[in-house]
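What follows is a single structure, written as structure tokens, with notes after it.
The values are calculated or read from the model by the stated rules, or taken from the named source; none is laboratory data. Keep in mind it's a predicted model, so treat the numbers as computed, not measured. When we count neighbours, we look across all protein chains shown, and the Cβ atoms used for this are built from the backbone with ideal geometry, even at glycine.
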Amino acid sequence: MEQVRTFIAIELDETINAALADLQGQLKSKVPQGSVRWVKPGGIHLTLKFLGDVPADRIEEIERALAQACVRFPAFSFSVEGLGCFPDPRRPRVVWVGVREESGTLRRLQKAIEDGMERLGFAPEGRKFDAHLTLGRTQRRASSGDVRRLGQLVSETDIGSLGQMEARSVSLIKSDLRPTGAVYTQLAAVELEGT
């Protein structure tokens, strides 16, 4: 049976994508050469649940569960602001931009999706949901000095707000890993039109 690498995410609009591309360009010129593997701006998503490799014949069942989880949620706005790294600036593995959504809708939506997928047998995330957009990941071959400098740069860089967008739908996305980077294909989109 064919396996499909999938995840559930909110896709970003062109304005936010362009702002993230600009920010990556600024950071690339400052971080030690080759220390970060940058995510292509068009491939940056607000990931709500990573499912991993799924048998192709389960995709419809996942779509139905996703639609069920999203049914009562309205569209909502969030802002993209602040730069950070996981797990922390002393040991940066992932460079990210923060996502802020004041009403709690995003957190409740993510929890509903998590619960819906758990009912299908997908293990819940071990850690608390922390809404963010991944800009890049530290290269394995980066020296410890380069990694330290990267963490320091992230700590010292104040990016302010990169803008706001309205989340109107949630997508089920297929990820094909290729030597040139991942290629993403939307398998389904569920509109957020609850009241």
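Out of Glu61, Glu114, Glu118, which single residue is touching an Asp or Glu at 6+ places or on another chain (Cβ under 7 Å) and farther than 21 Å from Ile16 by Cα?
On the way: Glu61 fails: touching an Asp or Glu at 6+ places or on another chain (Cβ under 7 Å); Glu118 fails: touching an Asp or Glu at 6+ places or on another chain (Cβ under 7 Å).
Within the list Glu61, Glu114, Glu118, the selection yields Glu114.
Name every residue in segment 96-121 that is within 29 Å of Arg140 (Cβ to Cβ), among the aliphatic types (A, V, I, L, M) and without any contact (Cβ under 8 Å) to a residue 60 or more places away in the chain, in order of residue number.
Step one: list which residues in segment 96-121 are within 29 Å of Arg140 (Cβ to Cβ), which gives 96-99.
Narrowing the set further to residues that are among the aliphatic types (A, V, I, L, M) leaves 97, 99.
The answer is Val99, and nothing else.
Quick grid of which residues meet (1) closer than 17 Å to Trp96 by Cβ; (2) in contact with a Gly (Cβ under 9 Å, 6 or more places away or on another chain); (3) of a type in the set (Gly, Ala, Ser):
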{"residue": "Gln24", "(1), (2), (3)": "yes, yes, no"}
{"residue": "Trp38", "(1), (2), (3)": "yes, yes, no"}
{"residue": "Leu46", "(1), (2), (3)": "yes, no, no"}
{"residue": "Asp53", "(1), (2), (3)": "no, no, no"}
{"residue": "Asp57", "(1), (2), (3)": "no, no, no"}
{"residue": "Leu66", "(1), (2), (3)": "no, yes, no"}
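State the number of residues belonging to segment 1-44 that are among the basic types (Lys, Arg), at pLDDT 90 or above and within 19 Å of Thr138 (Cα to Cα).
The number of residues fulfilling the criteria is 3.
Contact map, segment 75-95: first residue closer than 30 Å to Ser143 by Cβ, second residue of a type in the set (Asp, Glu), Cβ cut-off under 9 Å, separation 6 or more or different chains; pairs are Gly82/Asp158; Leu83/Asp158; Phe86/Asp130.
You will find that of Ala67, Ala18, the residue that is among the small types (Gly, Ala, Ser) and under 22 Å from Gly194 (Cα atoms) is Ala67 and no other. Checking the structure you have, find out if any residue of segment 62-72 is closer than 22 Å to Ser175 by Cα, surrounded by fewer than 17 Cβ atoms within 10 Å (Cβ to Cβ), among the small types (Gly, Ala, Ser) and modelled with pLDDT of 95 or more. Checked against the condition, which is being closer than 22 Å to Ser175 by Cα, surrounded by fewer than 17 Cβ atoms within 10 Å (Cβ to Cβ), among the small types (Gly, Ala, Ser) and modelled with pLDDT of 95 or more, segment 62-72 yields at least one hit.
From the list Val95, Val54, Val80, Val31, pick out the single residue that is of a type outside the set (Gly, Ala, Ser), in a loop (DSSP other than H, G, I, E, B) and surrounded by 14 or more Cβ atoms within 10 Å (Cβ to Cβ). Before you say what the answer is, go through the steps one by one.
Values: Val95 fails: in a loop (DSSP other than H, G, I, E, B); Val54 fails: in a loop (DSSP other than H, G, I, E, B); Val80 fails: in a loop (DSSP other than H, G, I, E, B).
Answer to the check: Val31.
Set side by side, the residues Gly126, Gly116, Gly121 differ, and just one is surrounded by 12 or more Cβ atoms within 10 Å (Cβ to Cβ) and among the small types (Gly, Ala, Ser), which is Gly116.
If the condition is being of a type in the set (A, V, I, L, M) and within 21 Å of Arg100 (Cα to Cα), then segment 129-154 contributes Ala131, Leu133, Leu135, Val154.
Yes/no matrix, rows are residues, columns are (1) of a type in the set (Gly, Ala, Ser); (2) not in a loop (DSSP other than H, G, I, E, B):
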position: Val147; (1), (2): no, yes
position: Leu153; (1), (2): no, yes
position: Val170; (1), (2): no, yes
position: Thr180; (1), (2): no, no
position: Ala189; (1), (2): yes, yes
